[in-house]
1. Do any trypsin sites (Lys or Arg not before Pro) in the stretch 595-662 lie in a loop, going by DSSP, with at most 15 other beta-carbon atoms within 10 Å of their beta carbon, and if so which?
2. Restricting to DSSP loop positions (anything but H, G, I, E, B) with no more than 13 other Cβ atoms inside 10 Å of their own Cβ, which GluC sites (Glu not before Pro) remain in the stretch 218-273?
3. Calculate, in nm to one decimal, what Lys472 and Lys356 gain on full extension: separation in residues at 0.36 nm each, minus their alpha carbon distance.
4. Going down the list Lys351/Lys607; Lys329/Lys641; Lys598/Lys622, which pairs span over 18 Å between their C-alpha atoms?
5. Counting just the Cα atoms, what span does the stretch 279-352 cover along each of its three principal axes? Round to the nearest Å and put the largest first.
6. Give me the percent of Cα-Cα pairs in the stretch 529-617 that sit more than 21 Å apart, rounded to a whole number.
7. How long are the three semi-axes of the equivalent ellipsoid for the stretch 489-641, computed from the Cα gyration tensor as the root of 5 times each eigenvalue, in whole Å, largest first?
8. Any idea which of Ala541, Ile513, Ala477 is furthest toward the positive side of the dipole for the stretch 457-554, if Lys and Arg beta-carbons carry +1 and Asp and Glu beta-carbons -1?
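The values are calculated or read from the model by the stated rules, or taken from the named source; none is laboratory data. Nothing here was measured: the structure is a model prediction, and the numbers come from that model. Cβ placement follows ideal geometry from the backbone for every residue including glycine, while neighbour counts extend to all protein chains displayed. Each accessible area value is taken on the protein alone, full model and side chains, heavy atoms only, with ligands, DNA and RNA left out. Shrake-Rupley method; radii C 1.70, N 1.55, O 1.52, S 1.80 Å.
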Amino acid sequence: MFRGVRFTPLFELAVGLNTPFTTLVDHSHKLFKSRFHTLRSYSRLMSEEHEGVNMRPVAVDLSSEGRHRRLTPNSLHRAWSEWTQQRSMKMKHIKLSRITALVLSALALTAMAQDKKGVTPAESNYQAASSPLVGEAMVHSINPNAPHMTKAEFDVGRTIYFERCAGCHGVLRKGATGKALTPDITVGKGTDYLKVFIAYGSPAGMPNWQTSGEFTEKETDLMARYIQHEPPTPPEFGLEQMKATWKVIVPPEKRPTKKMNNYNITNIFSTTLRDTGEVALIDGDTKQIINIVKTGYAVHISRLSASGRYLMVIGRDAKVNMIDLWMEKPDNVAEIRTGLEARSVETSKFKGFEDKYAIAGTYWPPQFVIMNGDTLEPLKIVSTRGVTVDKQEYHPEPRVASIVGSHFKPEFVVNVKETGKTLLVDYRNIDALKITEIGTARFLHDGGLDSSKRYFMVAANNSNKIAAVDLKDGKLAKLIDVGKIPHPGRGANFVHPTFGPVWSTGHLGDETIALIGTDPVKHPKNAWKVVQTLTGQGGGALFIKSHPKSNHLYSDTPLNPDPKLSQSVAVYDIKNLAKGYTVLPIAEWADIKDDGAKRVVQPEFNKAGDEVWFAVWSAKNKESALVIVDDKTLKLKAVIKDPRLITPTGHFNVHNTQHDVY
């Protein structure tokens, strides 16, 4: 019986898990024996997965002996070799030697199931939430070389895959932020190996689905068989399908000709109510909810038309809603579904084209569509399928990530994730569309403009790079190496006291914040370099924000597994960055009494730049809130609570979003 053995952290897993798990392992003789066969597969898996991942060796603490042993993936292999020489011994006579401790420590991931610290619902939902494709009809594809599955089993596997896995591994399982899981790879691995991979996860960021309690043993076995079969292909979504979903609720000629309400619409906040398929429009002056507007599921982003009149939002289900802020009670005036899954929407910003066009990019099908700017009528669809920027290999599923409207030319800046290409789409003549293709880096995700609005800074998150794209000259200015898995949101611009204008990003995979010089004219030596690296609270950062009128830089860490970090934010004094950060206990200030996750996400300034808003995000059946902080004093200013504020996540100030102020 192996009782009372305490193991310190096994690995600092990817996706921001720099904070260690402390696990009390209480294995009986039977449990240890039943899990023993998995060590070989898990050790092999780690040798494949840990390459390129920043993992520190850890100490195994034997409380009964007070010994410590450094542990790395290589030492696990040595442990296995030594163990195979001893396994003929009777288990009941084995003492807790140093090598036994190493073997047991390889099973620490199993113990995560005991304290449920593996995959939290909030983390798994945010990174790889249920795909809208789960409900789409697909063909049951059989691979004769794969283990047998009934149609019923295949359908269950497909549902689980699109609920949990597609966001990272891709619809066609070609790989994205996660590795490829196509049959040419998985069949050779075998069911037993894949079951270990799914159950225990990996140091490269694969969640431990079974030991966290998310999957049953039966579901793990089913998924190990499912991914050895050919991936089913969802249907395409063309102009005919789009027009079938297109609705003009209030035609342009019947809309107000002037603002019909007394709201200061430039200071309205659009807050995503993730799990209810809504956005809350909140008066930034009075802190009162103006309206709860029905939208697509899990709105990913809110964007403003150039005039500031129309608010565009897009859900993960690719539903675009157009909200007229001039109405007596702002509400939907048009809607359309542009595909089956999506993340991005934008409007034309260049002078002479204000409010003329809108654009939406989709994950599936991999394409973007240009629409009429006041009705959302679909006008032009462009596929993004093509070859990758590095190996020049064809990819069937290059998803459209972030899109911004250029202020320098009549162009949309479309970032294609898997192929690593930034497309400058000239919309002056959509019947003879001109597209400038700029090779950047694979796995493009989110990003924002620098303070001059000339350069678009986009994160290639699994390439650990930031691409600086010159929107005036239409070329790549520089690829910049940063920390592990950059995730800036729109990023944060401010003037560094030493290095001049900088744009900054936090990271999912480590605790750093990279400050990149963005002024090649007055500060050429600092341009397109990481001029300073700040240390934050930990990994799991999603958004970073500042404001031209603020002296502070705010960074959240909502995906960090340590509640102290996920429920607070770090604030830096821009004029004295060397002193480190101040921690604001945002969730504590919300004064929520239940046991919800209370993850603090996305700092957002008001128009004046003297308030910062945060969402305190818990599950659908728990209380959530918005917390407002005085930027000058860093003290609590207000808390907004309302039963209708269910799962608030992103929020966007109208003025700042309209003018790309961050």
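1. Here the sparse-neighbourhood loop sites are Lys620, Lys622, Lys632, Lys641, Arg644.
2. Listed in order of number, the matching sites are Glu236.
3. Working it through step by step, the gained length comes to 39.7 nm.
4. Lys351/Lys607; Lys329/Lys641
5. For the stretch 279-352, the Cα extents along the three principal axes come out at 37, 33, 18 Å.
6. 30
7. Sorted largest first and rounded, they come to 29, 16, 12 Å.
8. Of the listed residues, the answer is Ala477.
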